[in-house]
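The values are calculated or read from the model by the stated rules, or taken from the named source; none is laboratory data. Since we're looking at a predicted model, the values are computed, not measured. Note: ideal-geometry Cβ built from the backbone for every residue, glycine included; neighbour counts use all protein chains shown.
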Amino acid sequence: MDFSKIRLFLFDMDGTLYLGNDLFPFTKPMLDEIKKQGKTYLFMTNNSSKSVLDYVKKLDKLGIPAVYDDFITSSQATADYLMKNHPGVRFYVMGTESFKKELASSGVIVCDTYSEDIEGVVMGYDTELTYQKLDDVSKLLTLKKDIPYIAANPDWVCPTEYGYVPDCGSVATMICNATGRNPHFIGKPRPEMPLAAMERIAKKDPLVNKDTTMVIGDRVYTDIACGVHAGIHSLLVLSGESTMEDVEKSDVKPEFIMRDCAELLEKIK
Ligand SMILES: [Mg+2]
């Protein structure tokens, strides 16, 4: 394939552009090259506990200047989804203050205490979770059986310095044990994030479509899967989590595999 036709690059971050707090040496030259050619890149993340501003700070520390519009997050994609499919609905939001702010700024009607007139539940990766919130959500999903129930990302766990903590998907399982209901998930591996990104960027670059958009990431079952489900190009880099062995075992196959983004930089030059 001719990589020069790609107009929109959707980058996973950790394992793709950096590892923990170490930026890969090819990341900055690659992002500069994409910009120089008048093309667009976005940073794509499933983490719905942090705000975009938190990520702007993180990238800035690593030496990558970024602004709000350089990101597509599962929180933003969730807000888009709610506004499109459930406009005007009062949602009980189980999530961090950042997550609630993100949804509210997009026009979602956000509630954070139980009341009779709530018509939907939305959940993010809630690092500020309390038992009261679990109680509220269980009550809503039990008493109001058919209300929409949406979760920002399906991840079971989130990595920390010492190992893992439960993420949004694990809390959804707890709620399911109590109520029998499972949410409609939004983040990777679902196609909503890449589709929302394409829709946004196509407004300023009419050449952006499924054939000129590529997702680049280090996890087959999330990054590559969301690209495949969205019908766009996908590139797995082996600089993070997934190995060739994982690719062989996986039902989902990346269209391209490279050692790291240094190879991508060579291809697009
Ligand atoms: Mg990654």
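For Ile186, the conditions (1) closer than 28 Å to Ile232 by Cβ; (2) touching a Gly at 6+ places or on another chain (Cβ under 6 Å); (3) surrounded by 17 or more Cβ atoms within 10 Å (Cβ to Cβ) are fulfilled apart from (2).
Of the helices (runs of 4 or more DSSP H) lying entirely inside segment 154-269, those containing at least 2 residues that are over 22 Å from Ile34 (Cβ atoms) and acidic (Asp, Glu) span 244-249. Answer with yes or no whether Arg200 is of a type in the set (Lys, Arg), within 16 Å of the ligand (Cβ to nearest atom) and buried (at least 16 other Cβ atoms within 10 Å of the Cβ). In short, no. Taken as a whole, the condition of being within 25 Å of Asp126 (Cα to Cα), outside the structural domain of Ala197 (by TED's automatic domain parsing), touching a residue at least 24 places away in the same chain (Cβ under 8 Å) and within 16 Å of the ligand (Cβ to nearest atom) applies to Thr73. One residue is enough: does segment 225-233 have a residue meeting the conditions out of contact with any helix residue (DSSP H, G or I) (no Cβ under 9 Å at 6 or more places or on another chain) and closer than 29 Å to Leu23 by Cβ? Checking segment 225-233: at least one residue is out of contact with any helix residue (DSSP H, G or I) (no Cβ under 9 Å at 6 or more places or on another chain) and closer than 29 Å to Leu23 by Cβ.
In segment 1-54, the residue that is nearest to the ligand (Cβ to nearest atom) out of those that are part of a loop (DSSP other than H, G, I, E, B) and small (Gly, Ala, Ser) is Gly15.
Residues satisfying the criterion are present in segment 101-112 (criterion: outside the structural domain of Thr222 (by TED's automatic domain parsing) and farther than 22 Å from Met193 by Cα).
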